[in-house]
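The structure appears below as structure tokens.
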Amino acid sequence: MDNSATTAVAPEVLEAMLPYFEELYGNASSLHAFGREARAGMEEARERVASLIRAEPEEVYFTSGGTESDNLALKGIALRNRAKGRHIITTSIEHPAVLEVCRGLEALGFEVTYLPVTREGLVEPAALEKAIGPETILISVMHANNEVGTIQPLKEIGEIAKEKEIYFHSDAVQTAGKIPLDAESLGLDLASISGHKLYGPKGVGALYVRKGTKIESIIQGGGHERSLRSGTENVPGIVGLGQACALAEESMVEEAERLTRYRDGMIDFVLSHVDDSWLNGHPRERLPSNVNLGFGKVEGESLLLYLDAKGIAVSTGSACSSRKLQPSHVLTAIGLGPERCHGSLRITLGRYNTEEEVDYASSAIVEAAERFSQISAIR
Ligand code: PLP
């Protein structure tokens, strides 16, 4: 139940990939039959990724994953458009793959605005509009947050960006294949996708780049991916990503409905059984898979270890860094103090979770919370 961290490779995905490790192992740049077969697999995958996000295949560039896609989007736009301006707008709840790139760009002389969010984790389009200045060249707002699951009002932000003629990027790593992601109707110029979050393999991803977008490559070499991303293509991975996107397109609606039902059942059950517990993130504008609960009297780590012993994998709102428990930047941004941050638990449901598993986990969470609150020092 930690599907936002990663997902299992779908059996159909593995099956589609295997021939590309065996007989179809050609280099997609080779002109002979082996190369042509590899390229054909890759181009079919490009069409499948494009179809999922309602883009054109030539607007899809393959990368090594979400982190690289975010790096390419931000650095690529910043470097290519710096003569136009040096200001970037993002949010305080982005993934480190965006936030750390922004810090790096600040060191290169760019100015970055980190927008605050509401208690429910929403960016306010009016505040974003206010932050735009003559130097603004890029807006980067994630589609849904990986910790609290809040889905951002991208359509409204896209309209603002379009009107002001500013490039608009979204880290869609947590949403691609989970909820509709229509690049055109959201007004996106760039969007990051990662294979391993949607039942594809790790180490492969894609960046959507709208036709005509001025972007510079950050990995130079042999000119692969139309010179935007050099390096011999990871054909098996790319084929797997394509298959994962095709499966997601087929099952997304049914899966989202089912997971939303599980999600809401789990939230209601835990909140009605545990005193001083609450939901982090937005109650409705929320990923179908995401349950992020706060507990006033219990530490998330204790719950995590208890659940782990019962075979249930979840995560907490704290990142262990330099042997010190740092409160999550996302929970801090939605207004929780350090103590409340440490009492949080993230459960992220996925395609292969059953209703029985969700019930089992819900009961185990309640049981653990009751047990630990009796011996808790936080009162
Ligand atoms: N962006 C978000 C929102 C994520 O959740 C993640 C993964 O945790 C990433 C980017 C990084 O993706 P990858 O693991 O493919 O590098």
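The values are calculated or read from the model by the stated rules, or taken from the named source; none is laboratory data. What you are looking at is a predicted structure, and each value in this text was computed from that prediction instead of being measured. So basically every Cβ, Gly included, is an ideal-geometry build from the backbone, and we count neighbours across all protein chains shown.
Filter the stretch 214-232 down to residues that are assigned to a loop (DSSP other than H, G, I, E, B) and hydrophobic (A, V, I, L, M, F, W, C) and give me whichever is surrounded by the most Cβ atoms within 10 Å (Cβ to Cβ).
ILE215
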Legend entry - Candidate set from the stretch 81-104 (those that are under 24 Å from GLY149 (Cα atoms) and of a type in the set (A, V, I, L, M, F, W, C)); member that is surrounded by the most Cβ atoms within 10 Å (Cβ to Cβ): ILE93
Inset, instruction - Select from the stretch 37-61 the residues that are closer than 17 Å to ARG229 by Cα and surrounded by fewer than 18 Cβ atoms within 10 Å (Cβ to Cβ) and write down the one among them that is farthest from the chain's Cα centre (by Cα). - result: GLU43
Inset, instruction - Identify the residue in the stretch 325-378 that is among the basic types (Lys, Arg) and either at pLDDT below 95 or in contact with a helix residue (DSSP H, G or I) (Cβ under 8 Å, 6 or more places away or on another chain) (or both) and, among all such residues, is nearest to GLU124 (Cα to Cα). - result: ARG340
Inset, instruction - Report yes if some residue within the stretch 339-361 is without any contact (Cβ under 8 Å) to a residue 60 or more places away in the chain, in contact with a Gly (Cβ under 6 Å, 6 or more places away or on another chain) and assigned to a loop (DSSP other than H, G, I, E, B); otherwise report no. - result: yes
Legend entry - Residue that is farthest from the ligand (Cβ to nearest atom), among those in the stretch 41-63 that are under 21 Å from LYS178 (Cβ atoms) and either outside the structural domain of TYR208 (by TED's automatic domain parsing) or in a loop (DSSP other than H, G, I, E, B) (or both): ARG54
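Any chance the stretch 27-36 includes a residue that's at pLDDT 95 or above, closer than 22 Å to GLY195 by Cβ and crowded, with 19+ Cβ neighbours inside 10 Å?
Yes, there is a match, as at least one residue in the stretch 27-36 is at pLDDT 95 or above, closer than 22 Å to GLY195 by Cβ and crowded, with 19+ Cβ neighbours inside 10 Å.
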Inset, instruction - Count, please, the residues in the stretch 196-255 that happen to be within 15 Å of the ligand (Cβ to nearest atom), in contact with a strand residue (DSSP E or B) (Cβ under 7 Å, 6 or more places away or on another chain) and more than 17 Å from GLU12 (Cβ to Cβ). - result: 6
